[in-house]
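Trainee: Structure below; questions to follow.
The values are calculated or read from the model by the stated rules, or taken from the named source; none is laboratory data. None of these values were measured; they are calculated from a predicted model. In this analysis, Cβ positions are derived from the backbone assuming ideal geometry, glycine residues included, and neighbour counts consider all displayed protein chains. In case anyone asks, the SASA skips ligands and DNA or RNA and just uses the protein heavy atoms, side chains included. Shrake-Rupley method; radii C 1.70, N 1.55, O 1.52, S 1.80 Å.
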Amino acid sequence: MDQRIIQLYDEYTHRPLSREQFLKGLIALTGSVAAAHTILPLLEGNYRAAETISENELYTERVEYASPFGTMKAYLAKPKKGSKFPAVVVIHENRGLNAHIEDVARRAAAAGYLALAPDGLSTLGGTPADEDQARQLFSKLIPEENTARFGAAVPYLSKREDCTGRVGAVGFCWGGAMANQLAVAVPELNAAVAFYGRQPAAEQVSAIKAAVQLHYAELDERVNAGMADYETALKANNIPYELYLYKGTQHAFHNDTSSARYNKEAATLAWSRTLAFFEKYLRS
């Protein structure tokens, strides 16, 4: 697919570009309305194909937990067998808690973790079905309050009877940036994994107590602009970290509901590295 189309969609999903402007741009790049509507489903998420692990294989429920800035709703999944598990906070992209992220939580649970996927839009009525509405709601969130809401998931999980007390986080895109922020803001966090997420300011890195794993897409110029400075700060502060750059991949390469950007080989490798990282830092 033309890289300009990918960049246009990235601008649409991360910057104040209206759907009307996006569609006009897509028509201009593809040459016709018909071609644009053929391309569009390849860019947007197909959540009918989101389930890779059935809920029947796990214990799942909808839960709530308290935060300093309101009650958070979340999707929880864990193995049916066993009594105590390390926990993982699974953080969604900037479209809110959807079927894809719930499936990612089930993948973590299937690997032996107590997985919690909070809805970042809980205090605004929850994630709407319309992704454009969700995007607009994200602009209403106050960053510091939002970090505190997700950060509150860590003590909620660590104090549960079915948790060993060790907690990690994994986030994607917007959630990748949040995973990085939780590493800064929550000293009790044991491990943070960020998929193509914005980096914290260099002066914040010294506060990190968690081990950090970072996954970047080679063609993701917007996010990668801060990659080198973040790595320099991690090294300077002696923070254990792993950094991986996946050749030829796009932003959101792990999202298997977006066929234009999904890269199966990179996604499989990155997830296996994520689980190995959690095995090292959450089961010790």
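Trainee: Rg and Dmax of segment 50-207, using alpha carbons, in Å: what are they?
Mentor: That works out to 14.5, 45 Å for Rg and Dmax.
Trainee: Determine the dipole magnitude for the chain: charges of +1 sit on the beta-carbon of Lys and Arg, -1 on that of Asp and Glu, nothing else is charged, the reference point is the Cα centre, and the result goes in debye to the nearest 20.
Mentor: Details: 30 positive and 32 negative charges, 117 e Å.
Here the size comes out at about 560 debye.
Trainee: How would you classify segment 128-215 from its alpha-carbon gyration tensor, with a ≥ b ≥ c the square roots of the eigenvalues: rounded for a/c under 1.5, else prolate if a/b is greater than b/c, otherwise oblate? Before the final figure, lay out each step's value.
Mentor: Numbers: a/c = 1.84, a/b = 1.31, b/c = 1.41.
Since a/c reaches 1.5 but b/c is at least a/b, the shape of segment 128-215 is classed as oblate.
Trainee: Net charge near TYR246: determine it from the other residues with C-beta under 11 Å of the C-beta of TYR246, scoring Lys and Arg +1 and Asp and Glu -1. List each step's numbers first, then the result.
Mentor: On the way: positive: LYS247, ARG273; negative: GLU218, ASP220, GLU265.
Result for the local shell: -1.
Trainee: For the chain, which whole-number percentage of the solvent-accessible area (1.4 Å probe, protein heavy atoms only) is attributable to carbon and sulfur atoms? Intermediate values should be presented prior to the final figure.
Mentor: Details: 6270 of 12400 Å².
That fraction is 51 percent.
Trainee: Rounded to the nearest 500 deg cm²/dmol, what is the calculated helix-only ellipticity per residue at 222 nm for the chain, with -39500 (n - 2.57) per DSSP H run of length n ≥ 4? Mind dumping the intermediate values first?
Mentor: Working: 11 runs with 115 residues, N = 284.
Rounded to the nearest 500, the figure is -12000 deg cm²/dmol.
Trainee: Same structure, new question: State whether segment 222-284 is rounded, prolate or oblate according to the following rule on the C-alpha gyration tensor (a ≥ b ≥ c being the square roots of its eigenvalues): a/c under 1.5 gives rounded; otherwise a/b larger than b/c gives prolate, and the remaining case gives oblate. Kindly include the intermediate steps, with their values, before the conclusion.
Mentor: On the way: a/c = 3.13, a/b = 1.30, b/c = 2.42.
It is oblate, given that a/c is not under 1.5 and a/b is not larger than b/c.
Trainee: Treating segment 54-126 as a set of equal point scatterers at the Cα positions, no solvent, please give the Debye-formula log₁₀ I(q)/I(0) at q = 0.11, 0.13, 0.26 Å⁻¹.
Mentor: -0.25, -0.35, -1.16
Trainee: Hey, another quick one. For the cross-link pairs LYS81/LYS280; LYS73/LYS247; LYS209/LYS247; LYS247/LYS280; LYS80/LYS264; LYS140/LYS209, which exceed 32 Å when the distance is taken from alpha carbon to alpha carbon?
Mentor: On the way: LYS81/LYS280 21 Å; LYS73/LYS247 36 Å; LYS209/LYS247 30 Å; LYS247/LYS280 26 Å; LYS80/LYS264 28 Å; LYS140/LYS209 30 Å.
Beyond 32 Å: LYS73/LYS247.
Trainee: Using only the alpha carbons, work out the radius of gyration and Dmax of the chain in angstrom.
Mentor: When restricted to Cα atoms, the chain yields Rg and Dmax of 18.2, 58 Å.
Trainee: Mean-square fluctuation check for the chain, GNM, Cα pairs under 10 Å: which of ALA192, ALA36, ALA236 is largest?
Mentor: ALA236
Trainee: If N is the number of residues in segment 7-130, what value comes out of its Cα radius of gyration divided by 2.2 N^0.38 Å?
Mentor: Working: Rg = 17.9 Å, N = 124, 2.2 N^0.38 = 13.7 Å.
In units of the globular-protein estimate, segment 7-130 measures up at 1.30.
Trainee: What order do you get for 171-177, 60-66, 107-113 when each peptide is scored by the mean count of other beta carbon atoms within 10 Å, highest first? If you can, show how the numbers build up before the last one.
Mentor: Details: 171-177: 26.0, 60-66: 13.6, 107-113: 21.7.
Ranked by mean Cβ neighbours within 10 Å, highest first: 171-177, 107-113, 60-66.
Trainee: Which three numbers, in whole Å and largest first, are the semi-axes of the equivalent ellipsoid of segment 145-284 derived from its Cα gyration tensor as √(5λ)?
Mentor: Details: eigenvalues 111, 64, 38 Å².
The answer is 24, 18, 14 Å, longest axis first.
Trainee: Give me the accessible area per residue for the chain, probe 1.4 Å, as a whole number in Å².
Mentor: Working: 12400 Å² over 284 residues.
About 44 Å² of surface per residue is accessible.
Trainee: May I pose another question? In segment 80-175, which GluC sites (Glu not before Pro) fall in coil by DSSP and have 16 or fewer other Cβ atoms within 10 Å?
Mentor: On the way: sites: GLU93, GLU102, GLU131, GLU144, GLU145, GLU161; in loops: GLU93, GLU161.
Passing both the DSSP loop test and the Cβ count: GLU161.
Trainee: Taking the chain as a Gaussian network, where each spring joins two C-alpha atoms under 10 Å apart, which residue of LEU243, LEU76, LEU116 fluctuates the most?
Mentor: Maximum fluctuation in the GNM of the chain, among the listed residues, is at LEU243.
Trainee: Another one. Between LYS24 and ALA111, 0.36 nm times their residue separation minus their Cα-Cα distance comes to what? Walk me through the numbers on the way to the answer.
Mentor: Numbers: separation 87, 0.36 × 87 = 31.32 nm, distance 4.34 nm.
My answer for the length gained is 27.0 nm.
Trainee: Could you pull out every whole DSSP H run in the chain that spans at least 24 Å of Cα extent along its own axis and averages 1.0 or higher on the Kyte-Doolittle scale? Numbers along the way, then the final one.
Mentor: Details: long enough: 264-282 (26 Å, 0.03).
Membrane-span-like by this criterion, though nothing is claimed about a membrane: none.
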